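Working notes, structure below.
The values are calculated or read from the model by the stated rules, or taken from the named source; none is laboratory data. Note that this is a predicted model, so its numbers are computed, not measured. All Cβ positions, even for glycine, are placed from backbone atoms using ideal geometry, and neighbour counts span all protein chains on display.
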Amino acid sequence: MCNRRYIGFGKNVLFPDFFIYITVLIIFVDMEQLVISTWKHGIAANEKAVEILNNGGTSLDAVEHGVRVAEDDPNVLSVGYGGLPDAEGRVTLDAAIMDWKARIGAVICVEHIKNPVSVARLILERTEHVCLAGEGAYNFAITNGFQPDILHTEGSIKKYIEWKKGLYGRSQEFHTDEYKVKKSGGLGINDDGNHDTIGMVAIDKNGHISASCTTSGTAWKLHGRVGDSPIIGAGLYVDGEVGGAASTGRGEECVRACGSFLVVEMMAQGMSPQEACEYAVKRVIKLNLLSHVNRDHDYQVGFIAVNVKGEYGAASVREGFEYALAAGGKNTLTKSKYIIDEKFEIEDL
Ligand code: SD4
């Protein structure tokens, strides 16, 4: 389906009466390209994605190469190279990609591969499968020309050793930006960690939407743990006739709500991207409360979304989530709307 906008027609009536010419003028205008991604490292990722789109690339090209910037950046501690290891000291990566034709590819728990999103794209393009995990994903990548890499950095090893020494208390609560650790006494609600996954949604000049998501998951996770990022419908989702969405935050909460699918489905039912993101966040909160055993309620989940009209939205459980938006020649970082504030009441859900 082509979503280029039809912007008008004209009618030309000439004399004499029996010579009537009707000229119908149909002009198709390219959609305005737009890229939205999670967190502040989304700025650099968006820049790359926009460059790809400006050079005639599709939204699929844009969301793949855009998030690779974060995968390659050792300072982004929740994605790709430099991503913090699991409890066994292993860096295991998850990634997924989806386009407007419902083509999907995902890798789960792959080690030693710097750009899992590109492996996911290869699965999308070259196989009949939708997902490869662990050693199978690694072997597939190597067979297809990927080079094995050491993904640990000096910094990530140091943090791992500190965690092992018990300096960070419980696992899985790590804010990569500010190097904060959640203490059992409870820091403020903004200090929940592990929300630096990059998710990206892009719309190209043909109105085609694609999404990608890539992460090393929560720091110090149990080996083999998988969150939302590589799960189609949780970490990302695209309906080519509706729009696309991606998520970040504590994956367990998003998976429970089929978060990104829910956002897109609510857009299909008529909600704007902003309304749909807020709706999905409320669902996440509700299901977290409902299924409270063994888990705390200090977590973050955020969604970004774009519809085929080029409208966008973003929302999160609590304060602190930011998204990068590249549109109309600008690339800016904005704080999202959030649901749990001081006025929040459970009845609001
Ligand atoms: C996960 N959503 O694995 C990811 C975590 C994340 O920065 O956002 N990490 O649950």
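Number of residues in segment 334-349 that are in a strand (DSSP E or B) and surrounded by fewer than 14 Cβ atoms within 10 Å (Cβ to Cβ): the value is 2. Every condition in (1) touching a Leu at 6+ places or on another chain (Cβ under 9 Å); (2) surrounded by fewer than 24 Cβ atoms within 10 Å (Cβ to Cβ) is met by Asn55 except one, and the failing one is (1).
Annotation: Leu289 fulfils all but one of (1) more than 19 Å from Pro230 (Cα to Cα); (2) touching a strand residue (DSSP E or B) at 6+ places or on another chain (Cβ under 9 Å); (3) part of a helix (DSSP H, G or I); the unmet one is (2). Each residue in segment 316-333 was checked for being of a type in the set (Val, Ile, Thr) and surrounded by 21 or more Cβ atoms within 10 Å (Cβ to Cβ), and 1 of them qualify. Residues in segment 112-132 that are touching a Lys or Arg at 6+ places or on another chain (Cβ under 9 Å) and part of a helix (DSSP H, G or I): Val117, Ser118, Leu124, Glu125.
Which of the residues spanning segment 42-72 are assigned to a loop (DSSP other than H, G, I, E, B) and either among the small types (Gly, Ala, Ser) or at pLDDT below 95 (or both)? Lay out the reasoning, then the answer.
Initial filter on segment 42-72 (assigned to a loop (DSSP other than H, G, I, E, B)): 55-58.
Selection gives Gly56, Gly57.
Could you look through segment 130-165, keep only residues that are hydrophobic (A, V, I, L, M, F, W, C) and in contact with a strand residue (DSSP E or B) (Cβ under 6 Å, 6 or more places away or on another chain), and pick out the one that is nearest to Glu88 (Cα to Cα)? Applying the filter and picking the extreme gives Ala133.
State whether the residues of segment 133-143 include one that is part of a loop (DSSP other than H, G, I, E, B), of a type in the set (Phe, Trp, Tyr) and either free of Cβ contacts under 8 Å to residues at least 40 places away in the same chain or buried (at least 22 other Cβ atoms within 10 Å of the Cβ) (or both).
There is no residue in segment 133-143 that is part of a loop (DSSP other than H, G, I, E, B), of a type in the set (Phe, Trp, Tyr) and either free of Cβ contacts under 8 Å to residues at least 40 places away in the same chain or buried (at least 22 other Cβ atoms within 10 Å of the Cβ) (or both).
Might you let me know whether segment 285-297 holds any residue that is touching a residue at least 12 places away in the same chain (Cβ under 8 Å), touching an Asp or Glu at 6+ places or on another chain (Cβ under 8 Å) and within 24 Å of Lys205 (Cα to Cα)? Reasoning before the result, please.
First, the residues of segment 285-297 that are touching a residue at least 12 places away in the same chain (Cβ under 8 Å): 285-289, 291, 295.
Going one step further and asking which of them are touching an Asp or Glu at 6+ places or on another chain (Cβ under 8 Å), we end up with 287-288, 295.
From what is left, the residues that are within 24 Å of Lys205 (Cα to Cα) are none.
No, that holds for no residue.
Selection within segment 198-221: residues that are at pLDDT 90 or above and within 12 Å of the ligand (Cβ to nearest atom). The member of this set that is nearest to Glu311 (Cα to Cα) is Gly199.
Just one of the listed residues (Gly244, Gly251, Gly259, Gly235) is within 13 Å of the chain's Cα centre (by Cα), buried (at least 24 other Cβ atoms within 10 Å of the Cβ) and modelled with pLDDT under 95, namely Gly251.
Scan segment 76-116 for residues that are in contact with a strand residue (DSSP E or B) (Cβ under 9 Å, 6 or more places away or on another chain), small (Gly, Ala, Ser), within 15 Å of the ligand (Cβ to nearest atom) and within 20 Å of Ala141 (Cα to Cα) and the total you get is 5.
Listed conditions (1) over 18 Å from Ala95 (Cα atoms); (2) outside any helix (DSSP H, G or I) are all met by Arg225, apart from (1).
Which one of Gly227, Gly233 is without any contact (Cβ under 8 Å) to a residue 40 or more places away in the chain and closer than 24 Å to Ser118 by Cβ? Criteria check complete, one pass: Gly233.
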